Amino acid sequence: LKPDIKIKNNTSSKVLRTSKDMLQANVDDIAYLEYPVEVELTGELKENTSIKTIDLQPDKLNLEAGKSTLKKLNKVICEIDLSRIKNGEKNSYIPKFYDKNGDEIAQNKIKIVDNNELSYIVNTSPTKKIDLQINVTDGKKSAGKIKSASYEPKNITITGSTENLRKIDSLKIDLPVDIEFVNAKSKEITKVINIRDYLSQEFNVPEGSDKV
């Protein structure tokens, strides 16, 4: 749901055409709106690095503009170029405004009411690619039904402190699997596991890379 637009009584006007005997103008109510800021990532992180957190301050902006302009507003974007960031460094930014068609709304049409600095901090974590070894075995209900098993991927990327990452080169998982075929024609099953469940607490995996 879009935030509610609050209208103030004063108006803004734009002169469209003038002549000696005529003045034609477009009048638009001034309105106010609190709108959330979305982060848009561009560029690539340095090798062996992943994003840990992104701290956006503030994460909502109080905006002032003509009512018709705010009705068109669909996104407020903070664009972050990952190729230029430094871990924990504070950076200022200028938000971009977009309508429902994805077209950018001119900066001079929307005023940010708050005078606070708009900033973001990206915290990163070192990563390491390690071998993944999964040993699939019969569970209690399988009774020797597993004839062969394969898995993908064969390696994964994990995060942690530089010191802890030096201590690990592979992750070994013993995975008992129970099979109860409801349909006798079914010869294959697929099981998805969360790598986080098998890592010790000093390690993690980048967001979106936790399933195998």
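Checking the Cα-Cα distances for Lys128/Lys172; Lys52/Lys86; Lys96/Lys128; Lys46/Lys111; Lys52/Lys109 against a 24 Å cut-off, the pairs over it are Lys96/Lys128; Lys46/Lys111; Lys52/Lys109.
When a/c is below 1.5 the answer is rounded, else prolate if a/b is larger than b/c, else oblate, so apply that to segment 34-161 with a ≥ b ≥ c taken from the square roots of the Cα gyration tensor eigenvalues.
On the way: a/c = 3.72, a/b = 2.25, b/c = 1.65.
Since a/c reaches 1.5 and a/b is larger than b/c, the shape of segment 34-161 is classed as prolate.
Taking all protein chains as they are arranged and a probe of 1.4 Å, the heavy atoms of Ser209 leave approximately 60 Å² accessible to solvent. For segment 43-82, a simple Cβ point-charge model (Lys and Arg +1, Asp and Glu -1, everything else neutral) yields a dipole of about 400 debye relative to the Cα centre.
Legend: residues Val39, Val212, Val205, sorted from most to least accessible area (1.4 Å probe; ligands, DNA and RNA excluded), read Val39, Val212, Val205.
Where both bridge residues fall in segment 48-114, DSSP classifies roughly 100% of the beta bridges as antiparallel.
The values are calculated or read from the model by the stated rules, or taken from the named source; none is laboratory data. Because the structure is a prediction, the values reported are computed rather than measured. Note: ideal-geometry Cβ built from the backbone for every residue, glycine included; neighbour counts use all protein chains shown. Quick note on the areas: whole protein, heavy atoms, side chains included, nothing else; ligands and nucleic acids left out. Shrake-Rupley method; radii C 1.70, N 1.55, O 1.52, S 1.80 Å.
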